[in-house]
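Working notes, beginning with the structure itself.
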Amino acid sequence: AKCFLVEEEIEHILDWLGTSDLFDINTVVLYDQYIGVEEFYKGSNFGASMQTLMRAIKEKRMVCIRYKSQYDRQSNYICAPVYIEYSKRDNRIRVRAVSKSKVAKTFNLERILDVVILDEVYDKKATEDILEKHLRENECELVIFFNETRNIPDRILTEFSCFKKKCVKWGNERDRMTLFYDKEDKR
């Protein structure tokens with residue numbers, strides 16, 4: 001709700017719901033998710049950053065992103081935000097952007113400290129083309145051979161369900177899967 005509504009709207013909905021016996025989301029336990037972003041999602045900066053980025057994308061305006069790297073170094077980036085995506089694999093919301101020097105960059109939303117919309121507008125088609133070219137050039141593939149014992153095909157295909165892949169029968173008891181992924185996601 002913080003992504004799309006202001007605090008007053010959220011409070012109004014909560015008041016409207018009252019003490020209804022609704023499904024408690026806290027009863028669900030996710031085991032295969034990375035830990036550490038819950039505090040960020042509950043923080044006040046999350047909704048503000050998301051709304052500011054969505055507004056900049058809608059208005060096709062450049063932004064200045066103050067970003068904290070995984071090594072705790074802070075940097076400022078002036079860029080054109082192209083789109084926001086959720087990575088189910090990483091349980092992260094990411095911003096795909098293109099800098100003024102036409103370099104594609106990916107920002108994890110929880111590492112963004114501040115976003116300021118600038119007056120400068122950008123060409124949406126040109127930035128999308130730069131990003132698509134970057135993704136094509138950084139696409140890697142991995143070939144995996146596996147047999148059909150212990151339900152391995154279902155387990156492998158489920159584990160890598162968020163990636164583009166091609167799987168074919170390879171002989172009587174083997175399968176061959178080609179997995180395509182972004183070089184940035186190699187880890």
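The values are calculated or read from the model by the stated rules, or taken from the named source; none is laboratory data. Just so it is clear, the model here is predicted, and its values are computed rather than measured. Cβ atoms come from the backbone with ideal geometry, glycine included; neighbour counts cover every protein chain shown. Keep in mind that these areas ignore ligands, DNA and RNA; they rest on the heavy atoms of the full protein, side chains included. Shrake-Rupley method; radii C 1.70, N 1.55, O 1.52, S 1.80 Å.
The share of C-alpha pairs in region 114-168 whose separation exceeds 19 Å stands at 57 percent.
Based on protein heavy atoms only, region 145-187 ends up with 79 Å² per residue of surface accessible to a 1.4 Å probe. A straight Cα-to-Cα reach below 18 Å connects residue 124 with the lysines 58, 60, 100, 102, 105, 133, residues fewer than 8 places away in its own chain not being considered. Looking only at region 1-19, which residues have a backbone nitrogen under 12 Å from a spot 7 Å from the Cα of residue 55 in the C-beta direction? Inside the label zone: 6.
Sorting 170, 16 by accessible area puts them as 16, 170; the probe is 1.4 Å, largest comes first, and only protein heavy atoms count. Listed by chain and number, the lysines placed with their C-alpha closer than 16 angstrom to that of residue 165 are 183, 186; residues fewer than eight positions away on the same chain are left out. Label-to-label distance, residue 17 versus residue 178, with points set 7 angstrom from Cα along the beta-carbon direction: 4.7 nm. Solvent exposure of residue 4, expressed as accessible area, is near 140 Å², computed with a probe of 1.4 Å over the protein chains only. Legend: Rg and Dmax of region 76-187, from Cα coordinates, 18.3, 62 Å. The distance separating the Cα centre of region 49-66 from that of region 127-178 comes to 34 Å. As a calculated quantity, the FRET efficiency between residue 143 and residue 106 at R0 = 30 Å, using C-beta atoms, amounts to about 0.75.
Under 4 °C and 1.567 mPa s, how fast does region 61-112 diffuse according to Stokes-Einstein, given a Kirkwood radius computed over C-alpha pairs? Answer in µm²/s, whole number. Approximately 114 µm²/s, per Stokes-Einstein. Within the assembled protein chains, the solvent-accessible surface assigned to residue 159 is about 100 Å², based on a 1.4 Å probe.
Backbone geometry of region 55-68 corresponds, through the Karplus equation with coefficients 6.51, -1.76 and 1.60 at θ = phi - 60°, to 3J(HN,Hα) couplings of 5, 4, 5, 4, 8, 6, 10, 5, 10, 10, 9, 8, 10, 10 Hz, x marking Gly and Pro.
Using R0 = 45 Å, the C-beta based FRET efficiency linking residue 151 and residue 128 works out to 0.65.
Ordered from largest to smallest accessible area (heavy atoms of protein chains, 1.4 Å probe), the residues 12, 134 come out as 12, 134.
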